[in-house]
1. Check off (1) in a loop (DSSP other than H, G, I, E, B); (2) at pLDDT below 60; (3) exposed (fewer than 10 other Cβ atoms within 10 Å of the Cβ) for residue 5 and give me the number that stays unchecked.
2. Could you check how many residues of the range 98-127 are at pLDDT 90 or above and either touching a strand residue (DSSP E or B) at 6+ places or on another chain (Cβ under 8 Å) or closer than 14 Å to residue 61 by Cα (or both)?
3. Being modelled with pLDDT under 85, farther than 30 Å from residue 98 by Cα and exposed (fewer than 10 other Cβ atoms within 10 Å of the Cβ), is that true of even one residue in the range 42-61?
4. Which one of these is out of contact with any helix residue (DSSP H, G or I) (no Cβ under 6 Å at 6 or more places or on another chain) and loosely packed, with under 10 Cβ neighbours inside 10 Å: 90, 80, 119?
5. State yes or no: is residue 115 more than 29 Å from the chain's Cα centre (by Cα), touching a residue at least 40 places away in the same chain (Cβ under 8 Å), closer than 24 Å to residue 66 by Cβ and not in a loop (DSSP other than H, G, I, E, B)?
């Protein structure tokens, strides 16, 4: 018969009796090793963007905006009129993913509304 109190499991670690956390002082640590990072991308040209050319983007035409209290919004019903912050002669904004990409004017094509683009926004203006 063996005395079980004197036998230690090989995975047990003697803890420092003075340690407040009860964690062993002799825990082996090491820093992970990673493979070196190398840039394998192609230069920024038409080939690198070509894979995104068939990605669908939602485009919307914004006639104008208005901010109203929720109470007024709740009172709207069929026939209500909401005045926008843009005059009839002002160009409308063409939006892609919430950013203005162009401005234009409303036209009708085969009984459907359309937008004739008057100007394209520069890259600096679409970043905000």
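1. (1)
2. 20
3. Scanning the range 42-61, I find no residue that is modelled with pLDDT under 85, farther than 30 Å from residue 98 by Cα and exposed (fewer than 10 other Cβ atoms within 10 Å of the Cβ), so the answer is no.
4. It is 80.
5. no
The values are calculated or read from the model by the stated rules, or taken from the named source; none is laboratory data. Nothing here was measured: the structure is a model prediction, and the numbers come from that model. Every residue, glycine as well, gets a Cβ built from its backbone with ideal geometry; the counts of neighbours run over all protein chains shown.
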